[in-house]
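The values are calculated or read from the model by the stated rules, or taken from the named source; none is laboratory data. Keep in mind it's a predicted model, so treat the numbers as computed, not measured. Glycine gets a Cβ as well: all are built from the backbone with ideal geometry, and neighbour counts include every protein chain shown.
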């Protein structure tokens with residue numbers, strides 16, 4: 001391998017090794033921070049990254065496509081069961097409105113579009129051997145991109161719909177911008193809206209930490225090895 005090429009390969013390994021190392025350090029710090037978090041009020045003093053428990057509200061209200069429920073957020077998916085293996089995803093869709101969370105200390109807007117959501121409201125409906133689209137579900141089928149001509153090929157399918165609605169109590173984990181109060185997703189910080197305090201975020205972060213902790217030394221060792229080979233050639 002020519003020296004120039006070898007050095008370029010070594011630089012590549014070094015760069016991505018350092019990036020992996022940085023991500024591992026960031027993940028370790030975030031895990032430590034999240035473990036120490038306790039619910040606080042929107043207006044309470046404290047760190048910017050905080051966990052708030054309050055009541056959701058917002059305007060203008062949306063209408064969930066399948067159930068036609070007034071809501072702040074909806075997510076749906078349409079699945080086609082298979083005899084073996086995972087079902088096939090036929091369609092997904094979601095939408096947010098401008099939402100807020102309120103507790104006894106105050107109200108904060110939620111910058112929602114990048115949020116991870118674990119909804120307390122989960123609905124499921126099954127359909128088999130449909131010949132025509134039910135009139136009351138015409139809007140949903142249009143939103144899902146399923147035309148009546150597709151129905152003969154769909155023996156059965158399942159619809160899941162999740163909503164957040166005004167008055168729901170939720171935990172919001174995010175970074176607080178105090179003026180005006182809003183919770184948003186800062187760089188390398190999560191934004192989570194959920195009905196439960198723990199939705200498995202820490203477990204996910206630990207898995208990512210393990211991945212980067214393995215990759216970083218491997219990439220850095222590869223960079224050193226390639227550089228040594230180039231130097232001795």
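Which of (1) surrounded by 15 or more Cβ atoms within 10 Å (Cβ to Cβ); (2) in a strand (DSSP E or B); (3) modelled with pLDDT under 95 is the odd one out, the single condition residue 130 does not satisfy?
(2)
Mind counting the residues in the range 27-40 that are surrounded by 14 or more Cβ atoms within 10 Å (Cβ to Cβ) and at pLDDT below 85?
Total meeting the criteria: 5.
For residue 67, all conditions in the list (1) in the same structural domain as residue 126 (by TED's automatic domain parsing); (2) touching a helix residue (DSSP H, G or I) at 6+ places or on another chain (Cβ under 8 Å); (3) not in a strand (DSSP E or B) hold save one; what is the number of the exception?
All conditions are met except number (2).
Yes or no, residue by residue, for (1) modelled with pLDDT of 90 or more; (2) surrounded by 17 or more Cβ atoms within 10 Å (Cβ to Cβ); (3) not in a loop (DSSP other than H, G, I, E, B):
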{"residue": "47", "(1), (2), (3)": "no, no, no"}
{"residue": "54", "(1), (2), (3)": "yes, yes, yes"}
{"residue": "82", "(1), (2), (3)": "no, no, no"}
{"residue": "89", "(1), (2), (3)": "yes, no, yes"}
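Here's a check for you: in the range 190-220, which residue that is part of a helix (DSSP H, G or I) and without any contact (Cβ under 8 Å) to a residue 12 or more places away in the chain is farthest from residue 122 (Cα to Cα)?
Among those residues, the one meeting the criterion is 214.
Being under 25 Å from residue 61 (Cα atoms) and part of a loop (DSSP other than H, G, I, E, B) is the filter here, so list the residues in the range 151-189 that pass it.
Within the range 151-189, 165, 166, 167, 168, 179, 180, 185 qualify.
Quick check on residue 203: is it modelled with pLDDT under 85, surrounded by 19 or more Cβ atoms within 10 Å (Cβ to Cβ) and over 20 Å from residue 43 (Cβ atoms)?
Answer is no for this residue.
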